[in-house]
Structure formats: structure tokens, C-alpha cells
């Protein structure tokens with residue numbers, strides 16, 4: 001058990017006298033991070049509990065310092081939770097207003113705190129890895145401002161069919177490499193920018209979810225844009241999700257942004273399945289037994305440990321990965337025996353095991 005998991009266990013013992021629930025369960029602690037020997041928590045109390053803040057802070061500090069490995073406790077003060085707001089225990093994936101996508105069993109989002117970490121590459125190859133395991137897979141490209149998945153799957157020149165009429169119209173996903181995909185990239189010109197505000201973005205994501213003819217899918221992989229913005233909120237408030245994976249590189253700047261994104265999903269009560277460290281090391285094609293950590297090392301493990309989630313995979317950098325993206329053939333198809341391809345297949349297996357259901 002990681003130190004962060006131990007920290008959450010001891011914090012779960014602190015109860016609210018009124019409800020009898022733990023301060024974690026009712027959303028008064030929206031972040032718990034452990035960077036030995038320091039633990040960092042954010043305390044978000046409703047107005048009627050402000051007079052008890054010092055007492056709670058003292059109890060939190062004592063509980064955390066009872067653990068071996070924690071010598072210092074930093075307590076940040078967050079915004080009070082609002083009824084129905086993100087910090088409220090009744091919000092997020094517990095909402096009765098969530099609407100499943102007909103025919104889709106599991107929705108798994110792929111997210112990152114910043115761009116340039118290979119999030120879309122992970123989403124595409126993960127979807128293909130699921131398909132390689134004989135699952136029926138869909139891919140929703142929700143990266144509205146940078147829809148690159150059609151290029152990666154070699155179908156950027158195709159136009160999806162629309163069936164039905166009026167309010168019953170549905171877009172038919174483009175099939176490639178064993179998966180069905182919808183993307184903004186099919187609906188705009190190659191060099192056309194998408195200059196939209198939040199409500200328009202929310203509308204197109206909902207259309208892709210509910211007005212696409214997905215049929216039956218064991219799993220729908222959603223490639224989210226980087227950051228913590230409207231797309232993430234739109235998805236979280238629309239559909240029940242089996243979980244999200246956070247993609248990062250070992251670099252400190254990537255970790256900082258990934259940390260914020262991970263905390264956002266935890267705050268919204270969405271299961272974080274784990275962390276994927278991309279670009280772990282470069283493996284030269286002529287020296288496959290060697291690897292070079294170009295962006296540092298240990299970042300993914302650090303993020304996973306301090307957040308209390310597993311490190312699902314460490315993905316190497318290989319020439320076939322870049323070549324496959326340019327040629328429109330995902331790595332798991334173009335180089336099935338490569339280290340990266342095997343890592344993606346292992347990642348798919350880990351996620352299936354994590355959601356603990358027979359898909």
C-alpha cells in the first residue's frame with residue numbers, strides 16, 4: 001500500500017458529527033498528496049464549519065504524522081463546497097442526470113494536463129490494443145481544437161455517412177483498424193481553425209456521444225483535449241464513466257500539469273484508473289538493448305504514488321511509433337512485436353483488469 005493510500009485511510013477516520021460521514025466522503029478534503037516527508041491536503045469547509053477549521057486541521061495533522069514517512073503536513077484552504085458544485089459530494093459521477101450512451105458498456109477517457117505528451121497517440125493505440133483483444137471498440141475524438149486521430153488512423157480524407165432525418169439523424173463512425181471513430185477532423189477543412197466558446201463545444205461533444213450510431217461497443221475510448229476545461233466538464237456531466245487515465249512524460253513541467261488534471265477528476269468523483277508515463281526512454285532502432293531517458297526518469301511513478309493511483313504503463317520512444325503516426329497505421333498494427341506495441345497491449349490488459357468487469 002502506497003503512502004498516499006495510507007494517508008487517505010487515516011484521514012477517512014475523521015468524521016463529521018452531523019452526518020457521520022468522513023471528511024473525504026463529503027468532499028471537505030478535495031486533494032491528498034504525499035511527497036515524502038511532506039503531506040499536502042486542501043481543506044474546503046462549508047460556512048457553518050469554519051469555526052471548527054483549526055480543530056480539524058489539528059486532527060488532520062496528528063493523523064497524518066502518525067504514519068511512518070510523514071514528518072510535515074501542509075494544509076491549504078480551498079473554496080467552500082457549494083450545493084451541486086464540483087466540490088460537493090453529490091456532484092460528478094453520482095448524479096442522477098448522467099445519461100449512458102446506448103449500446104456502450106464502458107467509457108474510458110484519456111487525458112493529460114498539457115499538450116505534447118503523446119495523449120492522442122496513447123488513445124489511438126490503446127483503442128487498437130483493445131480491438132486486438134477481440135473487443136468491439138469506439139474512439140471519440142473530443143480534442144475539438146486539435147483533432148489528430150483521423151490522421152493517425154489514415155482516414156483523414158474520408159467523410160462519415162449521416163443516416164436518418166430531422167432530429168433522428170445520426171453520424172456513422174468511420175471504421176479503421178478494428179475501431180469505429182468520430183472526430184471533429186471529419187467535419188472541418190484541413191487548415192480550418194475551430195474558434196468556439198464553451199457552450200458550442202459542449203454541444204458537439206454531446207452530439208458525438210448521443211447522435212453517433214455507435215451500435216454495440218464493449219468500450220468507448222475518449223481522447224480529451226489537454227488541460228482542465230469545458231470538454232472535461234462536459235463529458236463528466238454527461239455520461240457515467242468507468243474511469244480516466246492520465247498521460248504524462250517524466251518531465252517536471254509535465255508532472256505539474258498532470259497533477260492538476262488528475263486532481264480535477266478525483267474532485268469530480270470520476271475513477272482515476274492510473275497514470276501512463278509516455279516517452280519514458282528512447283530505444284535506438286540499431287541498438288534495441290539500449291535506452292536513453294531523454295526527459296528524465298521516475299516522473300510517472302512519483303505522480304502515481306503521491307496521488308494514490310497505480311502506474312499502469314511506461315511507454316518507450318521508438319522510431320516505428322512516429323512512422324506509424326505519419327503513415328496512418330497505429331503502432332500495434334504496424335509493429336506488433338515492438339516494445340511499444342507490447343506495452344500498449346499490456347496497458348489494455350491492465351485497464352480491463354482494473355475496471356474489474358468482463359467486457
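Checking residue 129 against (1) assigned to a strand (DSSP E or B); (2) at pLDDT 90 or above: exactly one of these is not met. Which one?
(1) is the only condition that residue 129 fails.
Just to check your reading of the model, which residue among 287, 321, 315, 331 is under 20 Å from the mean Cα position of the chain (by Cα) and assigned by TED's automatic domain parsing to the domain that holds residue 179? Please lay out each step first, then the result.
Numbers: 287 fails: under 20 Å from the mean Cα position of the chain (by Cα); 321 fails: under 20 Å from the mean Cα position of the chain (by Cα); 331 fails: under 20 Å from the mean Cα position of the chain (by Cα).
Selected residue: 315, the only one of 287, 321, 315, 331 that is under 20 Å from the mean Cα position of the chain (by Cα) and assigned by TED's automatic domain parsing to the domain that holds residue 179.
Can you tell me which of (1) touching a residue at least 60 places away in the same chain (Cβ under 8 Å); (2) outside any loop (DSSP other than H, G, I, E, B); (3) over 20 Å from the mean Cα position of the chain (by Cα) is the one residue 102 doesn't meet?
Result: residue 102 passes all but (2).
Against the condition assigned to a helix (DSSP H, G or I), touching a residue at least 24 places away in the same chain (Cβ under 8 Å), assigned by TED's automatic domain parsing to the domain that holds residue 117 and under 14 Å from residue 125 (Cβ atoms), how does residue 343 come out, does it pass?
On the way: assigned to a helix (DSSP H, G or I): yes; touching a residue at least 24 places away in the same chain (Cβ under 8 Å): yes; assigned by TED's automatic domain parsing to the domain that holds residue 117: yes; under 14 Å from residue 125 (Cβ atoms): yes.
Answer is yes for this residue.
Looking for whichever is outside any strand (DSSP E or B), surrounded by 15 or more Cβ atoms within 10 Å (Cβ to Cβ), out of contact with any helix residue (DSSP H, G or I) (no Cβ under 8 Å at 6 or more places or on another chain) and modelled with pLDDT of 70 or more here; the options are 40, 60, 70, 26. Which one fits? Working first, answer last.
Values: 40 fails: outside any strand (DSSP E or B); 60 fails: out of contact with any helix residue (DSSP H, G or I) (no Cβ under 8 Å at 6 or more places or on another chain); 70 fails: out of contact with any helix residue (DSSP H, G or I) (no Cβ under 8 Å at 6 or more places or on another chain).
Exactly one residue qualifies, and that residue is 26.
Residues that are crowded, with 19+ Cβ neighbours inside 10 Å, over 26 Å from residue 336 (Cβ atoms), out of contact with any strand residue (DSSP E or B) (no Cβ under 6 Å at 6 or more places or on another chain) and in contact (Cβ under 8 Å) with a residue 60 or more places away in the chain: does segment 141-153 have at least one?
Among the residues of segment 141-153, at least one is crowded, with 19+ Cβ neighbours inside 10 Å, over 26 Å from residue 336 (Cβ atoms), out of contact with any strand residue (DSSP E or B) (no Cβ under 6 Å at 6 or more places or on another chain) and in contact (Cβ under 8 Å) with a residue 60 or more places away in the chain, which makes the answer yes.
Among the helices (runs of 4 or more DSSP H) contained in segment 179-287, which hold 3 or more residues that are modelled with pLDDT under 90, touching a strand residue (DSSP E or B) at 6+ places or on another chain (Cβ under 7 Å) and under 23 Å from residue 139 (Cβ atoms)? Before you say what the answer is, go through the steps one by one.
Details: elements: 198-210, 230-236, 252-267.
Output list reads 252-267.
Taking residue 312 as meeting all but one of (1) in contact with a helix residue (DSSP H, G or I) (Cβ under 6 Å, 6 or more places away or on another chain); (2) not in a strand (DSSP E or B), write down the number of the exception.
So residue 312 meets the others, but not (2).
The values are calculated or read from the model by the stated rules, or taken from the named source; none is laboratory data. Computed from a predicted model, the values in this text were never measured in an experiment. Cβ coordinates were reconstructed from backbone atoms using ideal geometry, including for glycine residues, and neighbour counts include every protein chain displayed.
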